[in-house]
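All remarks here apply to the structure that follows.
Each value in this text was obtained by applying a stated rule to the coordinates, not by laboratory testing. In this text, all values refer to a predicted model and were calculated from it rather than measured experimentally. FYI the Cβ positions are ideal-geometry reconstructions off the backbone, even for glycines, and counts take in every protein chain you see.
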Amino acid sequence: MDLESRLNLQADATAVAKLREQHGGRLVADDADASVHWLEMHPRCAASEIYVARVKWARYPDAPPSVKFATEVGGRIDVLTAWPVIPGYRPTAFDICMPFTAEGFAVHPDWAQTKEAWTGTGNPFLWVAETLQRDLNNRYQGRFSQ
C-alpha cells in the first residue's frame, strides 16, 4: 500500500473505531499489514454472535476493499462458519457480491459504469463499516453452517 493510501486510511479509521464502539464492537489495525483492518461486530438481534470482517484495501480511497470474514482478529479467512448468512454474502465463495467490495466488482465489472460505481468520496471506510453493520442488523439470517 502506498504512503498516501496509508495516511488517508489512518485518518478515516478514527471514525470507524467510534462506530464500532457505539455498536459494541472494535476496530483493530493489523500490525503486519497497514492495508488490513479487522472489524469485530455483531447483529443487533444476536449480540452473542461475534463476526470479524477482514477489510483489506489495495488503494484507499480510490478502490473498494476486499472483505472476508475471519475466525477471529488475525484469524483464518477460509472457514465457512465464520460467515453470517446475508443475501449477497457468499460463504462458499468466500466473498460478498455487492458494490462495496473488490470481490463484487470483480464479478460485476459493469457496475463501474452504473450508479453502483465506486466513488471513494467522503469516508469510504466508514461507509463500508456502516454497510456491514446495517446488513448485520437488518438482513441477518444466522451463522452459516456446513
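One table, with the values for the structure above:
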read-out	value
Residue exposure sequence - 83, 111 - by fewest surrounding Cβ within 10 Å	111, 83
For the chain, with +1 on Lys and Arg beta carbons and -1 on Asp and Glu, the positive-most of 25, 102, 35 along the dipole	25
Spatially proximal lysines relative to residue 115 (Cα-Cα < 28 Å; intrachain offsets below 8 disregarded)	56, 68
10 Å Cβ shell holding at most 14 others, DSSP loop, trypsin sites (Lys or Arg not before Pro): longest site-free stretch of the chain	1-43
For the stretch 94-138 and the stretch 27-75, distance of Cα centres in Å	14 Å
Residues 50, 96, 77, 86 arranged by fewest to most Cβ contacts within 10 Å	50, 77, 86, 96
For the stretch 24-30, 3J(HN,Hα) per residue [Karplus equation, 6.51 cos²θ - 1.76 cosθ + 1.60, θ = phi - 60°, Hz, x = Gly/Pro]	x, x, 7, 10, 10, 7, 7
Cα-centre dipole for the chain with unit charges at Cβ (Lys and Arg positive, Asp and Glu negative), debye to 20	400 debye
Under 5 Å, built H, 5+ apart or other chain: amide partners of residue 95	90
Ratio of the Cα radius of gyration of the stretch 38-135 to 2.2 N^0.38 Å, where N counts its residues	1.05
Length-normalised contact order for the chain - Cα pairs under 8 Å, 6+ apart - percent	22 percent
Karplus-derived 3J(HN,Hα), 6.51/-1.76/1.60, for each residue of the stretch 79-87, Hz, glycine and proline x	10, 4, 6, 7, 9, x, 8, 9, x
